[in-house]
Each structure stands twice: as C-alpha cells, then as structure tokens.
Amino acid sequence: MSLLDSIHSPADVKTLKENQLPQLAQEIRDTLVSALSQTGGHLGPNLGVVELTIALHRVFDTPRDKFVFDVSHQGYVHKLLTGRRARIGTMRQYEGLNGFLLRTESEHDCYGAGHAGTALSAALGMAVGRDKLGSGEHVVAVAGDAAFTCGVSYEALNNVAESTKRFIVVLNDNEWSIAKNVGAISHYLNRIATSPTYAGLHEQAARFIKMIGGKDALKFAHKVEEGVKHLLLPSVLFEDLGLRYYGPIDGHDIPLLIRTFEFLKAQNEPVLLHILTQKGKGYAPALAKPDKFHGLGKFAHDTGETDASPTPTYSELLGKTLAKFADSNNKITAITGAMPGGTGLGIFQQAHPDKYYDVGIAEEHAALFACGLAVQGFKPFLTIYSTFMQRAYDMIIHDIALQNLNVCLCMDRAGLSGDDGPTHHGLFDIGYLRHVPNLIHMQPRDEEEFVDMLWTMVNHHTGPIAIRYPRGAGTGAQPKAAPKLLEIGKAEVVKHGKQVALFGLGALFPMAMEAAEKLEAQGYSVAVINPRWIKPLDAGTIEFFARSAEVVCTFEDHVLHNGFGCAVMELLGDAGIRTPVVRIGWPDQFIEHGGVDVLRAKHGLTADAAVEKCLPFLQKDAAKTPKSAA
Ligand SMILES: Cc1ncc(C[n+]2csc(CCOP(=O)(O)OP(=O)(O)O)c2C)c(N)n1
C-alpha cells in the first residue's frame with residue numbers, strides 16, 4: 001500500500017516519520033498527474049504546493065485550525081490529505097469533487113472560493129472571531145503572489161495589525177499568476193527572492209533552523225533573520241503594515257517548512273511567511289508551460305499534449321478580431337485582469353503590445369483605468385469574464401455609466417461555465433447590467449454576429465456598450481471578411497409564425513430553433529427571433545409577435561431572475577399585452593459544477609422542456625394534425 005493510500009485524515013499525516021514525507025510528496029504528485037490527465041484541472045498550482053500542504057497538515061490540526069486558500073484552485077493536495085483521495089478521479093465531474101474548496105464538501109474546508117483575493121480578509125475575520133470567542137485555534141491564509149495584485153488583499157493587510165495578534169499569512173510566490181505575474185509588487189517580491197546577498201545569508205539561517213530544530217533555536221534563527229532582512233531591506237512592505245515578515249524560504253523543503261510553522265504558530269504577533277515555489281514542480285510539461293498547466297482539460301500523461309479544438313473559441317476570435325480592428329484604429333486599447341490566455345487578449349498583445357494592458361487581478365482598477373483611457377479619447381475594451389466583472393459593479397454604475405464613457409465591456413464565459421462550477425458560472429451579468437442607465441448590452445447567436453457586434457462597439461461613440469459571449473468554441477460559423485454595423489436595438493426575425501414566438505438569446509438560439517422544429521412537427525405555427533439586444537430591447541418586434549402569439553417563450557443562458565425573459569415580461573406588462581411568457585433559463589439557485597449538457601438537462605434548459613412548458617398554453621389547438629402525420 002502506498003503512503004498516500006494510508007492517509008484518511010490529517011491525523012495520518014502526523015503518524016508518518018518525517019523522512020517518509022518526501023515519498024508522500026512524490027506519491028501525491030504522481031496521483032495528481034495521473035488523475036488530472038483524465039479529468040483536467042489546476043495541475044500546475046497544486047504541484048507547487050505539495051510540500052507546503054503536507055507541512056501545514058503536519059503542524060496544524062484542521063478542522064479545528066483553519067486554512068483559507070486564496071482562489072482555492074491549489075486545494076487539491078489538501079483534498080487528498082483530508083479524506084478525499086478515493087474521489088480524486090471525479091474531479092470537476094458532475095457529482096464529483098469540486099475544483100475549488102467547498103464548505104459543503106468537507107469539514108476541512110472552512111472556506112470556499114474561486115475568485116482571487118478573498119483569503120486574507122476572510123481569514124482575518126476568522127482570527128478576530130476566534131479572539132472574541134477565546135477558542136484559540138490557528139488561522140492560516142495561503143495566498144499566491146498574484147493574490148497580492150488584488151486591491152482587496154491590501155484592504156485586509158491594512159486592518160491586520162489593529163485586529164489581532166495571532167494571524168499567519170503564507171505568501172506562496174511562484175512568480176506566476178496564470179500568465180507571468182505583473183506589476184510593481186511582483187517586481188518587489190522578485191527583488192527579495194533573487195537578491196544574492198540575501199540568499200547567501202539566508203541559506204545559513206535555514207541550515208541552522210533545520211540542524212538545531214526546536215523552539216529556542218528557532219528564536220535564535222529568527223534573530224539572525226531579522227538582522228539579515230534589515231541589512232537588505234530597511235523598509236519591508238509587510239513589516240510596515242504590521243506583519244512580521246519571514247522569508248523567503250524554499251517552499252519545497254519539508255523539514256524547513258515544518259520547523260518554520262512550528263515557530264510561527266508560537267508567535268504572538270501577525271506574521272507573513274514568504275515561500276518560494278515552482279508552479280508545476282515535478283512534471284516537466286507543466287514546468288515548461290506554467291500558463292497552460294495552470295488549468296487545463298484532459299491531457300496525455302506522458303507528454304502533456306492536449307487535443308486542439310478545430311473550432312476557434314469566442315475568446316480567440318475576440319483577440320484576433322480586435323487586433324485586426326486596431327491595425328487601422330489607434331484609439332482601440334484592450335485591458336485584461338491577469339487573463340491574457342483565457343480572454344484571447346494574448347493574441348491582441350502579440351499584434352499591439354503598445355495598446356494592451358494586463359493590470360493584474362484587479363477588476364475594479366481595470367474598470368477605472370478604462371474610464372481614464374476613455375476620458376482621453378481612447379476606446380478601451382475591458383475584457384473580463386462575466387463572473388469576475390462582478391467585482392467592478394460599482395465602477396460600472398458610478399464611473400462608466402454615470403459619466404457615459406465610451407468603455408466597451410466584453411464579458412467572456414457568460415453563461416454556464418460547466419466544470420468550474422458556481423464560482424465561475426457567468427449567470428448574473430444581464431441582471432447586474434439590465435437596470436444600469438446609459439448602458440447597451442447584447443449577445444450574439446454565432447461567431448459571425450459576434451464580429452459584427454464587436455465592429456458595432458468600435459463604432460459606437462455615445463456611451464458604454466457591453467457584450468456577453470460563452471465559454472469555448474462557437475458554432476463554427478465563419479465571420480465575413482468585412483463586418484457589418486448592426487442597428488442598435490433591432491432584433492433579427494429568423495422565421496415568421498403565428499401561434500408561438502420563440503426568442504432565443506445568444507448561445508441558446510440553437511435551442512430555440514430546435515424547439516421550433518418540434519412544435520412545428522406538432523402542427524403549430526412558430527416564429528423564431530434572435531433578440532441580439534438585451535438592452536435596449538427591440539420593443540416593436542417583441543410586441544408585434546407577442547400580440548399575435550398564444551405563447552411567448554424566451555431562452556437565455558442566465559438566471560431567470562432579472563434576466564432577459566424577465567425584461568420581456570416587463571415590456572409586455574407595461575404595454576398591456578397579456579400573452580403568457582414561458583421562460584427557459586437557470587433557476588434561482590447556485591448551479592453545481594459538471595458538463596454543460598448534463599446540467600442543462602437537469603435544470604430544464606432543453607428544447608423538449610421548452611415545448612412541454614409551451615404546450616399547455618396551446619391546448620385550444622391540440623386538435624391540429626401533426627405535420628409528420630399529414
Ligand atoms: C477576481 C478573479 N479574477 C481572476 C481570476 C482568475 N484566476 C484564477 S487563479 C489566478 C492566478 C492565481 O495566481 P496566484 O494567486 O499567484 O496562485 P498560483 O496559481 O500561482 O499558485 C487567476 C488570475 C480569479 N480567480 N478571480
């Protein structure tokens with residue numbers, strides 16, 4: 001039996017001999033590579049925190065002690081050591097393990113996440129709660145170097161010193177966000193990590209710590225470190241904020257990590273431990289391509305190769321199209337919040353490095369930065385996943401829309417994101433944009449329309465304009481060489497019909513077409529409309545079809561509450577049109593992770609479900625002869 005197989009809870013990690021821990025680390029790496037090659041997942045980040053997670057579980061006691069992982073995409077090793085080893089092959093599958101930590105998945109997950117920058121504040125709240133309760137447990141926040149590009153991390157640091165005396169932050173510095181980390185903080189950390197003077201002196205201290213062990217020696221080592229650190233960096237950022245800074249230390253050295261945590265856990269002041277790790281450690285393909293292996297689908301175990309999709313994704317098309325438009329337009333600029341790969345802006349960057357900005361994981365700043373560019377007459381494309389744009393909600397209202405600035409919001413991964421789960425589904429953006437004055441919002445039915453919409457955005461000069469588009473490959477539709485300008489607020493009537501009016505928004509347009517076929521097969525006369533515009537709605541077209549139809553049915557890859565269908569109902573209500581409206585979309589609950597088709601079927605987003613919901617309103621025509629029988 002392998003060591004890993006013998007571990008059913010963190011208590012088992014403590015029963016191993018310290019010299020067995022490197023073997024445990026190796027087994028964890030082998031397990032991760034082999035399981036994730038089948039399921040996909042965040043391989044690189046987890047390979048980098050194997051030793052860290054073992055050391056944490058060796059020294060602390062969850063669930064009593066609390067580990068708060070930032071984003072928590074690096075929580076797979078923690079899952080393996082907390083009783084979920086047998087389920088690792090179900091990672092990110094429907095009804096399997098979630099790719100992030102979930103309070104509902106294990107008592108060892110004290111906090112769930114999926115968005116970056118949340119760990120320090122949440123952990124600080126737990127530490128303060130502990131102090132108030134007098135319960136005494138340890139709270140450890142583990143955050144990557146890119147989490148320190150998030151403003152909210154500093155909002156937490158600003159409060160630490162006056163909030164508690166017992167708080168441990170681990171800064172896991174691997175120099176990578178998803179792409180290479182960016183910004184002044186990243187350079188600052190890098191200067192500490194690469195200083196030869198510091199490294200030399202520091203190594204001596206580390207050797208000393210490991211050699212002697214025990215608390216007294218550690219106290220002495222701490223003094224050595226203090227001296228070293230102040231020699232080199234008289235004003236260490238974290239120290240000035242009131243956290244005692246330790247490090248940087250090798251985050252793959254298990255004995256050193258263990259001794260250091262033993263020391264830190266006895267401190268009566270907030271501490272920050274800076275560890276240096278390698279993203280992808282132990283697996284050559286992940287070391288060679290840290291960005292690709294940050295998170296990926298299935299891959300070949302031996303080579304790390306993945307299957308390339310023959311159809312380009314919407315994100316790739318965005319990068320390519322904006323780059324082309326920017327060739328002859330020097331006002332176009334593009335902004336990403338640490339997602340050049342995911343958003344396709346990496347392609348734009350290649351063509352126009354001077355018009356491209358990666359601002360780090362800083363969506364609020366990104367939105368305000370876009371405002372500033374717009375004030376100077378530029379045309380910023382703020383390209384952020386729908387789920388992460390939630391961070392910039394206030395800036396969208398208070399800065400972009402209120403000042404009616406020419407900012408283009410590109411919301412990638414709008415709709416169900418599938419295996420990433422509820423932290424990443426982009427199911428709320430219609431709701432959070434629909435009521436914002438001055439704002440235009442739209443969704444294309446395919447790639448050709450996507451490019452036309454982007455072109456329409458480039459040529460819209462009277463305020464903010466937003467587009468939502470789904471994750472992954474599109475329909476395969478080929479955009480025309482010359483894009484066309486779309487009339488804002490004008491829907492596309494794809495098919496006329498009298499009894500049923502189907503409005504298929506964006507990614508669900510094909511579902512509306514399928515439902516039309518099924519209803520027509522039963523003898524009904526069906527209209528299909530591609531709404532294109534969520535705001536402003538095409539009131540004329542919607543009212544026209546709703547007046548003659550017996551039932552209207554809307555389709556949207558969004559929650560039903562405050563979604564597109566809701567907007568249609570309001571419109572009809574205001575116009576005094578009583579035609580019943582059936583809505584197909586996601587229910588009022590957080591949707592779990594899993595394959596898109598499985599989840600659509602489960603939650604009633606199918607053509608069959610739509611037909612079934614429409615039929616009761618068409619009872620008076622039930623006697624019609626189905627076409628197939630005619
Ligand atoms: C608000 C928000 N924006 C963007 C992301 C996408 N994202 C997930 S992980 C990650 C990089 C994390 O890097 P780091 O914190 O250094 O951890 P590492 O993966 O390097 O261990 C990013 C940008 C996110 N999760 N949340």
**Two-decimal ratio, region 1-82, of alpha-carbon radius of gyration to 2.2 N^0.38 Å** = 1.03
**Request:** Identify all aspartates and glutamates with a Cα-Cα distance to Lys518 below 16 Å; exclude those on the same chain that are fewer than 8 residues away in sequence.
**Result:** Asp608, Glu612, Asp621
**Request:** May I ask what percent, to the nearest 5, of DSSP beta bridges between residues of the chain are antiparallel?
**Result:** 15 percent
**Asked** Across all directions of projection, what mean area in square nanometres is found for the Cα convex hull of region 405-499?
**Response** 8.2 nm²
**Request:** Give the angle, between 0 and 90 degrees and rounded to the nearest 10, that separates the Cα long axis of helix 196-212 from the longest principal axis of the Cα atoms of the chain.
**Result:** 70 degrees
**Request:** Please report the Cα spread of region 318-426 along all three principal axes, rounded to whole Å, starting with the longest.
**Result:** 39, 32, 20
**Request:** Let me know the charge dipole size of region 246-325 about its Cα centre in debye, to the nearest 20, where only the beta-carbon of Lys, Arg (+1) and Asp, Glu (-1) is charged.
**Result:** 240 debye
**Request:** Figure the gain on full extension for Asn459 and Glu18 (residue separation times 0.36 nm, minus the Cα-Cα span) and round it to one decimal in nm.
**Result:** 152.3 nm
**Fill in**
The whole-number value in µm²/s of the Stokes-Einstein translational diffusion coefficient for region 291-348, with Rh from the Kirkwood sum over alpha carbon pairs at 25 °C and 0.890 mPa s, is 188 µm²/s
**Request:** Take the solvent-accessible surface of the protein heavy atoms, probe 1.4 Å, and return the percent of it on region 428-538 that carbon and sulfur atoms account for.
**Result:** 55 percent
**Asked** Could you give the angle, 0 to 90 degrees to the nearest 10, between helix 21-39's Cα long axis and the longest principal axis of the Cα atoms of the chain?
**Response** 10 degrees
**Asked** About its Cα centre, how strong a charge dipole does region 271-397 have in debye, to the nearest 20, once Lys and Arg get +1 and Asp and Glu get -1 at the Cβ?
**Response** 80 debye
**Fill in**
Dividing the helical contributions, -39500 (n - 2.57) per DSSP H run of n ≥ 4, by the residues of the chain yields a 222 nm value, nearest 500 deg cm²/dmol, of -11500 deg cm²/dmol
**Request:** Provide the packing ranking of 278-289, 54-65, i.e. peptides ordered by the mean count of other C-beta atoms within 10 Å per residue, highest first.
**Result:** 54-65, 278-289
**Asked** Which of the listed residues, His274, Gly297, Pro312, is farthest toward the dipole's positive end in region 274-419, when Lys, Arg count +1 and Asp, Glu count -1 at the beta-carbon?
**Response** Pro312
**Request:** Take peptides 516-522, 527-533, 327-333, 74-80 and line them up by average Cβ neighbours within 10 Å, highest first, as a rough protection proxy.
**Result:** 74-80, 527-533, 516-522, 327-333
**Request:** For region 391-530, report the accessible area per residue in Å² (1.4 Å probe, heavy atoms, rounded to an integer).
**Result:** 33 Å²
**Item:** Over region 332-377: Rg over Rh, Cα atoms, Kirkwood Rh
**Value:** 0.96
**Prompt:** When the Kirkwood radius is taken over all Cα pairs of region 26-173, what Stokes-Einstein diffusion coefficient follows at 4 °C and 1.567 mPa s, in µm²/s?
**Reply:** 83 µm²/s
**Fill in**
Cα convex hull volume per residue for region 106-169, in Å³, equals 82 Å³
**Complete:** A correct Kirkwood calculation over the Cα atoms of the chain returns a hydrodynamic radius in Å of 26.4 Å
**Item:** Total charge dipole magnitude, the chain, about the Cα centre, Cβ charges on Lys, Arg, Asp, Glu only, Debye to nearest 20
**Value:** 160 debye
**Prompt:** Mind checking the angle between helix 564-574 and the chain's longest principal axis? C-alpha axes, 0 to 90 degrees, to the nearest 10.
**Reply:** 50 degrees
**Message:** Below 14 angstrom from the Cβ of Ala527, what's the summed charge of the other residues (Lys, Arg +1; Asp, Glu -1)?
**Reply:** -3
**Message:** For a protection proxy built on the mean count of beta-carbon atoms within 10 angstrom, sort 604-617, 122-135 highest first, please.
**Reply:** 604-617, 122-135
**Complete:** Counting Lys and Arg as +1 and Asp and Glu as -1 over every other residue whose Cβ sits under 15 Å from the Cβ of Val169, the net charge comes to -3
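The values are calculated or read from the model by the stated rules, or taken from the named source; none is laboratory data. All values reported here derive from a predicted model rather than from experimental measurement. Positions of Cβ are backbone-derived with ideal geometry, glycine not excepted, and every protein chain shown enters the neighbour counts. Accessible surface is based on the protein model in full, side chains and every heavy atom, while ligands, DNA and RNA are left aside. Shrake-Rupley method; radii C 1.70, N 1.55, O 1.52, S 1.80 Å.
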